[in-house]
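For reference, the structure is listed below as structure tokens.
The values are calculated or read from the model by the stated rules, or taken from the named source; none is laboratory data. Worth saying up front: this structure is predicted, and the values here are computed from it rather than measured. All Cβ positions, even for glycine, are placed from backbone atoms using ideal geometry, and neighbour counts span all protein chains on display. SASA here: full protein model, heavy atoms, side chains in, ligands and nucleic acids out. Shrake-Rupley method; radii C 1.70, N 1.55, O 1.52, S 1.80 Å.
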Amino acid sequence: MYLVLLGPPGAGKGTQAKRLAQSLGLPHISTGDILRQNVKDNTDLGKQAKGIMEKGLLVGDDLVAKMLDERFNNPDIKKGFILDGYPRTLSQAKTLDEILSHKNISVDLVIYLNTSDAVIITRLTGRLVCSKCGANFHVLNMPPKLKGACDSCAGVLYQRSDDNEGTVRKRLEVYKNEVASLIEYYNLAKKLHSLNADLDAEIVLDQIIALSAKV
Ligand code: AMP
């Protein structure tokens, strides 16, 4: 099943995608994660993306499309994927359809994780990420058992450089400018399901699993 998770930064796309990937046995593909890895490895792409990401703006369509096309060459997507962070614009949605059509596949289901601004700001400014396995924690809502260390793999926890309030607000603004046309696109294609992602992550996960079972 080819599943796309849509929603503002902080909607829980990454958290849901990781859990879904485990329960459905599909790869989790996050454009943000791939970009951050490129920044860490100081690749050409990483060098071009770093400043843009720190400002909360979108990395150029061509760069991201090329990166994704390469990722889709991995045979692990034969049975499906959980796509997180792409598409973010109508043009990216069309590019995604085009890239996939060359591989004779198409998006089956799009889940829109609808989230209020207040919840987003609280979630993101308190988010901690494991540098080793990518697991997410929260300073207040989901603190790690041991301060600064991941519960699952003991990796060091860090705060993403774009998870400060100023950049979060910019990312939200960028997101809101683009989301309406994306929603319309997937609504017309009868692929969109909207969920209230202010609710507890477990409840949202059960709802996504129920929807994906119907595909
Ligand atoms: P995320 O981890 O999805 O919140 O993405 C972090 C940052 O990576 C974003 O604020 C953008 O700068 C960049 N990024 C991730 N996905 C995309 C995309 N589909 N198009 C453009 N930029 C992206």
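Scanning region 17-38 for any residue that is in contact (Cβ under 8 Å) with a residue 12 or more places away in the chain, more than 24 Å from residue 209 (Cβ to Cβ), away from the ligand (no atom under 13 Å from the Cβ) and surrounded by fewer than 20 Cβ atoms within 10 Å (Cβ to Cβ) turns up nothing. For region 61-71, the criterion of being within 14 Å of the chain's Cα centre (by Cα) and in a loop (DSSP other than H, G, I, E, B) is met by none of the residues. Scanning region 143-174 for residues that are open to solvent by less than 40 Å² (accessible area, probe 1.4 Å) and at positive phi returns a single hit, 148. Taking the listed residues 45, 83, the one that is within 13 Å of the ligand (Cβ to nearest atom) and free of Cβ contacts under 8 Å to residues at least 60 places away in the same chain is 45, with no other qualifying. Restricting the first member to region 53-72 and to residues that are without any contact (Cβ under 8 Å) to a residue 60 or more places away in the chain and more than 13 Å from residue 35 (Cβ to Cβ), and the second to residues that are more than 6 Å from the ligand (Cβ to nearest atom) and part of a loop (DSSP other than H, G, I, E, B), the beta-carbon pairs closer than 7 Å and six or more apart or on different chains are 72/103.
Can you find even one residue in region 140-160 that is in a strand (DSSP E or B) and at pLDDT below 95? Checked against the condition, which is being in a strand (DSSP E or B) and at pLDDT below 95, region 140-160 yields at least one hit.
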